[in-house]
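Colleague: Take a look at the following structure, please.
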Amino acid sequence: MADKQKEMSFLGHLEELRWHLVRSASAVFIFAVVFFIFAKEVYDHFLLAHLEPDFITYQVFCEFFNLFGMDSDFCGTNFNQKKLISIEVTSQLMNSIWSSLILGIVVAFPYLLWELWRFISPGLTEKEISKSRGFIFIASLLFFLGVLFSFYVIAPISINFLYNYQITDSIENTFTIQSHISLVTNMLLGVSILFELPVLIYFLTKIGLITPEFLRKYRKHALVVVLILAAIITPPDVASQIVVAIPILILYEISIKVSQRVIKNQEKNANKR
């Protein structure tokens with residue numbers, strides 16, 4: 001009888017998880033449909049916005065570097081190929097569907113977190129729930145900060161460099177819609193997830209896999225990794241690499257403080273017992 005109750009309990013959890021997943025998928029689908037309906041506006045004003053020479057980031061970076069008397073490729077930005085090509089019959093349709101789904105995930109992210117929270121919260125104590133009430137807000141804030149940083153900093157820097165990079169005049173750049181949209185959306189999701197580092201460190205510290213000492217010990221290694229990543233996703237000039245690296249290093253330092261706070265609270269609770 002006890003085994004049957006356990007089995008029913010397990011099946012009940014599976015059923016509950018299924019409905020959380022269904023609601024999450026429905027939210028993503030609804031947003032994706034909206035983006036698909038307004039695909040022209042989404043592409044013109046968002047996904048292809050970095051191809052405009054007067055994009056705000058190019059103007060700001062130009063003025064910023066001029067302030068310090070530095071030459072910059074962002075001044076007078078001009079793309080040799082402003083129009084992208086579509087080489088397959090279904091490429092525009094499939095690209096529109098895929099980009100709509102990705103943007104649907106991005107916009108629905110707070111709701112996805114809320115569904116996740118609703119699933120795991122019944123297994124938490126009242127004290128744990130009260131301490132974790134800001135989880136959805138903080139995680140969503142970090143995610144959308146990552147979206148903004150990707151869209152206004154990393155994407156324009158990378159696109160400006162890649163579109164104007166040419167080994168020799170004998171080679172002509174002809175980019176497809178798939179390559180451009182993949183570049184933008186991959187950066188959007190990748191950087192946004194990277195901005196969740198403090199949240200990830202919080203949970204890893206809670207379960208004992210990470211400590212503040214570990215993070216401090218490997219701070220120099222993290223610095224090297226961040227600089228390498230910045231060098232990969234930005235043009236080969238120091239100024240652009242520093243612009244990209246600074247926020248990531250700040251997130252790493254915040255993660256150390258978060259880990260330290262978690263350990264401190266755990267020690268305090270242990271002493272009370």
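Colleague: Given the stretch 101-192, what helices (runs of 4 or more DSSP H) lie entirely inside it while holding 1 or more residues that are farther than 24 Å from H50 by Cα? Give the derivation first.
Modeller: Working: elements: 109-120, 126-131, 135-149, 155-164.
Of the helices (runs of 4 or more DSSP H) lying wholly inside the stretch 101-192, those with at least 1 residues that are farther than 24 Å from H50 by Cα span 109-120, 126-131, 135-149.
Colleague: Considering only residues that are in contact (Cβ under 8 Å) with a residue 24 or more places away in the chain and more than 13 Å from the chain's Cα centre (by Cα), look in the stretch 132-151 and name the one that is surrounded by the most Cβ atoms within 10 Å (Cβ to Cβ).
Modeller: F135
Per-residue answers, yes or no, for (1) over 30 Å from S26 (Cβ atoms); (2) hydroxyl-bearing (S, T, Y); (3) out of contact with any Asp or Glu (no Cβ under 9 Å at 6 or more places or on another chain):
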site: P110; (1), (2), (3): no, no, yes
site: E115; (1), (2), (3): no, no, yes
site: F137; (1), (2), (3): no, no, yes
site: S140; (1), (2), (3): no, yes, yes
site: N164; (1), (2), (3): yes, no, no
site: I177; (1), (2), (3): no, no, yes
site: L183; (1), (2), (3): no, no, yes
site: L209; (1), (2), (3): yes, no, yes
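Colleague: I'd like the full set of residues that are open to solvent by less than 50 Å² (accessible area, probe 1.4 Å) and without any contact (Cβ under 8 Å) to a residue 12 or more places away in the chain, limited to the stretch 210-231.
Modeller: A231 - this is the single residue of the stretch 210-231 that is open to solvent by less than 50 Å² (accessible area, probe 1.4 Å) and without any contact (Cβ under 8 Å) to a residue 12 or more places away in the chain.
Colleague: Within the stretch 167-209, take every residue that is more than 22 Å from the chain's Cα centre (by Cα) and over 30 Å from L93 (Cα atoms) and give me the one that is surrounded by the most Cβ atoms within 10 Å (Cβ to Cβ).
Modeller: K206
Colleague: Which of (1) at pLDDT 95 or above; (2) open to solvent by 50 Å² or more (accessible area, probe 1.4 Å) does G104 not meet, given it meets every other one?
Modeller: (2)
The values are calculated or read from the model by the stated rules, or taken from the named source; none is laboratory data. Remember, predicted model here, so these are calculated numbers, not experimental data. Glycine gets a Cβ as well: all are built from the backbone with ideal geometry, and neighbour counts include every protein chain shown. Quick note on the areas: whole protein, heavy atoms, side chains included, nothing else; ligands and nucleic acids left out. Shrake-Rupley method; radii C 1.70, N 1.55, O 1.52, S 1.80 Å.
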